[in-house]
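A quick write-up on the structure given underneath.
Computed from the coordinates by the stated procedures, all read-outs in this text should not be read as laboratory data. Because the structure is a prediction, the values reported are computed rather than measured. Every residue, glycine as well, gets a Cβ built from its backbone with ideal geometry; the counts of neighbours run over all protein chains shown.
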Amino acid sequence: MTRPSFSVLMQAFFAEHLAAHKRVSPETICSYRDTFRLLLNFVQEKQRIMPSDVAVADLDSPVILSFLDHLEATRRNSVRSRNLRLAAIRSFFRYVALRDPESLSVIARVLAIPVKRADHRVVSYLTRPEMDAILASPNRAEWSGRRDHALLLTFYNTGARLSELKGLKRSAAVFGATSSLHLHGKGRKDRHVPLWPNTARILRDWFSENARSGDLAFPNARNGTLSSDGVAYILKNAVNRAIPRCPSLSSKRITPHVLRHTTAMHLLQSGVDIAVIALWLGHETIETTHIYVEADLVMKEKALGKLAAPQTKPSRFKPGDRLISFLSSL
């Protein structure tokens with residue numbers, strides 16, 4: 001039996017295993033694709049092997065470990081990003097084990113590469129004045145400003161992931177006595193998120209203005225789907241315009257996911273039950289949502305206040321009964 005080449009294995013991994021057999025999301029396929037682009041470019045640069053000439057044996061554990069070190073040292077990737085790249089490589093090598101058993105020794109060594117432990121950081125989020133400043137910064141006298149305002153307000157209202165909003169359809173919004181937005185998110189889960197009256201009004205006006213631009217809720221200037229970089233650019237511009245009004249924004253790294261954290265924190269601080277927040281964000285388990293409880297300093301201060309020692313010195317207990325006094329003296 002002829003052994004499959006690395007190129008054949010790679011194409012089958014993406015076209016059959018991921019897309020057809022596992023039916024992973026487009027975002028997962030893109031993430032895995034970028035991992036192997038980086039890996040093959042690294043091998044070409046370090047070992048002078050063209051990507052189409054790479055063999056499974058060329059990707060033994062020392063090469064993979066060197067690549068992972070390169071991601072952290074040269075590309076300044078975080079430990080979490082490094083582990084995501086390793087997860088993609090492991091997934092591919094588990095697939096190769098079924099198609100190319102003769103490479104099992106290489107595969108075993110790659111699969112034995114450990115996941116690096118990362119520091120557990122408290123989630124970052126924006127205060128209400130900071131969020132208000134960002135929402136007020138787009139120039140709503142322009143088409144792009146009205147789109148950006150509607151997009152950022154929807155991010156804040158729904159706590160949606162970037163992948164859920166950049167290609168959102170106008171048909172996902174339901175307007176009425178109780179307006180809501182249907183989101184199809186991570187893990188192929190669907191959820192309906194209620195819209196605040198102001199958000200519903202802004203979206204309804206925005207959709208009416210762009211009635212001829214197709215079903216996309218937030219198109220780019222060419223009526224196409226916004227890219228992830230495009231959404232990040234919109235947010236960056238909004239933050240830069242808001243800094244003169246709210247200088248504290250200049251010291252924060254603000255991404256679309258920080259807006260998601262902000263929604264969760266503001267819901268928590270408003271007294272919304274953590275189980276409801278988990279449903280709002282589309283979390284698989286409520287344990288995921290507990291990171292916001294850990295990050296909420298206000299809740300911690302209230303708890304500390306309840307445990308504060310009394311200001312007056314408590315008096316010593318003095319039994320009033322002779323028998324109790326006797327027993328107490330023993």
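For region 129-184, the spread of Cα positions along the three principal axes, ordered from largest to smallest, is 28, 26, 22 Å. Among Thr255, Thr285, Thr154, the largest mean-square fluctuation in a Gaussian network model of the chain, built with springs joining Cα atoms closer than 10 Å, belongs to Thr285. A Gaussian network model of the chain, with springs between Cα atoms under 10 Å, assigns the largest mean-square fluctuation among Lys169, Lys236, Lys116 to Lys116. What the Cα convex hull of region 6-111 gives, in volume per residue, is 93 Å³.
Taking label points 7 Å from Cα along the Cα-to-Cβ direction, Met50 and Ile243 give a separation of 4.6 nm.
Rounded to the nearest 10 degrees, the angle from helix 61-73 to the longest Cα principal axis of the chain is 50 degrees. Reducing region 62-106 and region 172-221 to their Cα centroids gives an inter-centroid distance of 39 Å.
Our helix-only sum for the chain, with -39,500 (n - 2.57) per DSSP H run of n ≥ 4 divided by its residues, gives a mean residue ellipticity at 222 nm of -17000 deg cm²/dmol.
Taking 15 Å as the straight-line reach from the Cα of Lys46, the aspartates and glutamates in range (excluding those fewer than 8 positions away in the same chain) are Asp58, Asp60, Asp69.
Between helix 26-47 and the chain there is an angle of about 60 degrees, using the helix long axis and the longest principal axis of the Cα atoms. Take the Cβ-Cβ distance between His290 and Arg140 as r, set R0 to 51 Å, and report the resulting FRET efficiency rounded to the nearest 0.05. Using R0 = 51 Å, I get an efficiency of 0.85. When Rg and the Kirkwood Rh are both derived from Cα coordinates, the Rg/Rh ratio for region 168-258 amounts to 1.01.
Projected label points at Asn198 and Thr2, each 7 Å from Cα along the beta carbon direction, are separated by 6.6 nanometres.
Counted residue by residue at 0.36 nm each, then reduced by the alpha carbon distance between them, the extension gain from Asp119 to Asp132 reaches 1.6 nm. Does anyone have the angle between helix 297-307 and the longest principal axis of the chain? Alpha-carbon axes, 0 to 90°, nearest 10? In the chain, helix 297-307 runs at an angle near 30 degrees to the longest axis. Is the shape of the chain rounded, prolate or oblate, going by the alpha carbon gyration tensor and its root eigenvalues a ≥ b ≥ c, with a/c under 1.5 for rounded and a/b larger than b/c for prolate? Here the chain falls in the oblate category.
With R₀ fixed at 25 Å, the C-beta to C-beta distance from Asp215 to Lys186 puts the FRET efficiency at about 0.70.
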